[in-house]
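Right, one structure below, let's go through it.
Just so it is clear, none of the values below were taken in a lab; they were calculated from the coordinates. Nothing here was measured: the structure is a model prediction, and the numbers come from that model. Here Cβ is always computed from backbone atoms with ideal geometry, including for glycine, and neighbour counts include all displayed protein chains.
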Amino acid sequence: MTQITTRICQFSKVHSLVEKGIHPVLARLYASRGIDTPADIETVLTRLLPPNQLLSADNAAVLLADAITMQQQILVVADYDCDGATACAVAVRGLRLFGAYIDYLVPNRFEYGHGLTPDIVDLAARRSGTCPNLLITVDNGMASIEGVAAANALGINVLITDHHLPGDTLPAASAIVNPNQLGCIFPSKHLAGVGVIFYVLLALRVLFRQRGAYNNYNEPRLDSLLDLVALGTVADVVELDLNNRVLVAQGLQRIRNGKMQPGIAALFRSAARDTRNASAFDLGFALGPRLNAAGRLSDMSLGIECLVTDDTQRADVLAQQLDAINCQRRKIEAEIQEEALAALVQFNPRDKATITLFNPTWHQGVIGIVASRLKERFHRPAIMFALTDKSGNHVTGSGRSIPGFHLRDALDLVSKREPGLIKRFGGHAMAAGLTLRTSDVPRFSAIFEVLAHEWINEGALTRQIQTDGELEDIYHTLSFIDLIDKEVWGQGFPAPIFSAEFDVVSQSLIKERHLRLQLARGHLRFTAIWFNHTDVLPTRALFAYRLTRNTWNSVSRVQLVVEHVMF
């Protein structure tokens, strides 16, 4: 069941924002999202939190500064999603600005799994015949107890930069920088992995200032990395609190001004997006998936190389390869989703609080996306399993959750109730992964369902589409769309969705998958599209929708993108 609701906002706050010069509709949008003053929406760099509040950032800076000064070999061990790729690129590009001898390693997820494992340490130690002096993990490492121990045994220092929730025991690394670790007072707990390593670089620059390193030459311009920080932050769907909105807004501004890495520009070209009008939507739905596809189906080093190269032509070649891989990913995803829906043909949401599915033919790299699709369709926590390796003895699960059900904590409780059932797990409230023995999938499914019934109330199992209510007719314009698109919207600061009743003038299918609509309200007519829906609508209904610009043959028109229809 789905409900369309309207966000609540206090008139006094809206009035106060309008009096201070905020557009009346934006004032309503801001007030309903907890904004009290215009200062709360300022995204200038001076609003960034200082790095000295991030626990162990100063220790990490000393570790890096000493390694750079002694010209030691530094190796970045990256994760295989967009956040990990951009974090790696920020580390490589940023530390090179300080004169570091640095390279990167991104393990194949299907051979080495996730995080800094002993096998990866061994691979790093043998790489090119030169053992690194310092390993830096980006967007991973909090669960790498054995891997860090293996590095320590070889005399290799390890700096962990991560944002995933820590377990009960931390790795014995030389330094750990993570806003979510115990004792860290950093106010923004929602930094993505790319944001964490960016903050470490800020701390490093402060340390070099204190050491007098810049007396005779200019400091490294770390703002040159903000396009990468913005991409990784948006793509990882972390909460866009004020600090993250500053990072994203500043990165988008650089992109719009043409001041971006060659790889970012190439990705925009491959996605046929205009950098002059770059938005968070472009980062999350056009660039992010192209990078993620490399880690899901192939080798993320392809994506990282695209982000670190300064060769424009090479960047274009790599971006085209990433685009081709993404097309392949979409095809595989569609096939798996069709099979998953077929397996759920008898699924009754009234009887089940969770979805767990396993198929030995499914691709491990794509199941997380399909789990997200199922979660959206049924509004239930969903975990998809695929074989971990060719032996068939273990499966890897990728899950997505709904508000009110913390997925990582749920897996933690399952592991405590049933010791030995889960081989390993990790993640966040809304997304997590795990490994099981193949034979234990039914057992896990049953326990997971019981736990969900204990934790989730009936209200949480009803999908809520929060809207901003009705939008006055005079604002259904391209100029108002431009005004909205200039803002930074995302997780925790959701993009505007409006709701209103419309007459359905006509409806037709596009490619047998999407519903094209002509809607009317009073004397106004609107073109609308409802993606991945083929429902036959009545002559009048309540629509929840987003306002977008649809450009065809250089002509732009207002288009409504439907989120839900009640009739």
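Arranged from fewest to most other beta-carbon atoms within 10 Å of their beta carbon, His163, His523 become His523, His163.
With the convex hull drawn over the C-alpha atoms of the stretch 465-566, the volume per residue is 117 Å³. For the stretch 407-521, a simple Cβ point-charge model (Lys and Arg +1, Asp and Glu -1, everything else neutral) yields a dipole of about 900 debye relative to the Cα centre. Shown for the chain are the DSSP H helices of 24 Å or more along their axis, judged by Cα atoms, with a mean Kyte-Doolittle hydropathy of at least 0.5: 193-210.
Averaging Cα coordinates gives a centre for the stretch 67-146 and one for the stretch 442-503; these two points are 37 Å apart.
Separation of the stretch 32-46 and the stretch 363-406, taken as the distance between their Cα centroids, equals 36 angstrom. For the stretch 395-501, the set of GluC sites (Glu not before Pro) satisfying both a DSSP loop assignment and a count of at most 11 other C-beta atoms within 10 Å is given as Glu472. Using Cα positions and a limit of under 19 Å, work out the lysines in reach of Lys331, with same-chain residues fewer than 8 apart set aside. Cα-Cα hits under 19 Å: Lys511. Neighbours of Leu407, meaning other residues whose beta-carbon lies under 13 angstrom from its beta-carbon, give a summed charge of +2 when Lys and Arg score +1 and Asp and Glu score -1.
Each Lys and Arg contributes +1 and each Asp and Glu -1, all at the Cβ; summed about the Cα centre of the chain, the dipole is approximately 640 debye.
Here's the picture: charge each Lys and Arg Cβ at +1 and each Asp and Glu Cβ at -1 in the chain, and of Tyr545, Cys184, Asn348 the one pushed furthest to the positive end of that dipole is Tyr545. Loop-located trypsin sites (Lys or Arg not before Pro) in the stretch 350-381 (DSSP state other than H, G, I, E, B) with a sparse environment of at most 10 neighbouring Cβ atoms within 10 Å: Arg350.
For a footprinting-style exposure proxy, rank Leu202, Leu29 by other Cβ within 10 Å, fewest first.
Fewest-to-most Cβ neighbours within 10 Å comes out as Leu202, Leu29.
For the chain, what is the convex hull volume of the alpha-carbon atoms per residue, in Å³? Write down the numbers at each step before the final one.
Numbers: hull volume 94.4 nm³, N = 567.
Convex hull volume per residue, Cα atoms: 166 Å³.
Per-residue Cβ neighbour counts within 10 Å put Leu204, Leu49 in the sequence Leu49, Leu204, beginning with the fewest. Pairs of C-alpha atoms in the stretch 353-447 farther apart than 19 Å represent 32 percent of all such pairs. In the chain, helices alone account for a calculated mean residue ellipticity at 222 nm of -12000 deg cm²/dmol, with every DSSP H run of four or more residues adding -39,500 (n - 2.57). Taking Cβ atoms as reference points and 10 Å as the exclusive limit, the residues near Ala431 contribute a net charge of +2, counting Lys and Arg as +1 and Asp and Glu as -1. Histogrammed with a bin width of 5 Å, the alpha carbon distances of the stretch 46-324 distribute as 1, 6, 14, 18, 20, 18, 13, 8, 2, 0, 0 percent, first bin at zero.
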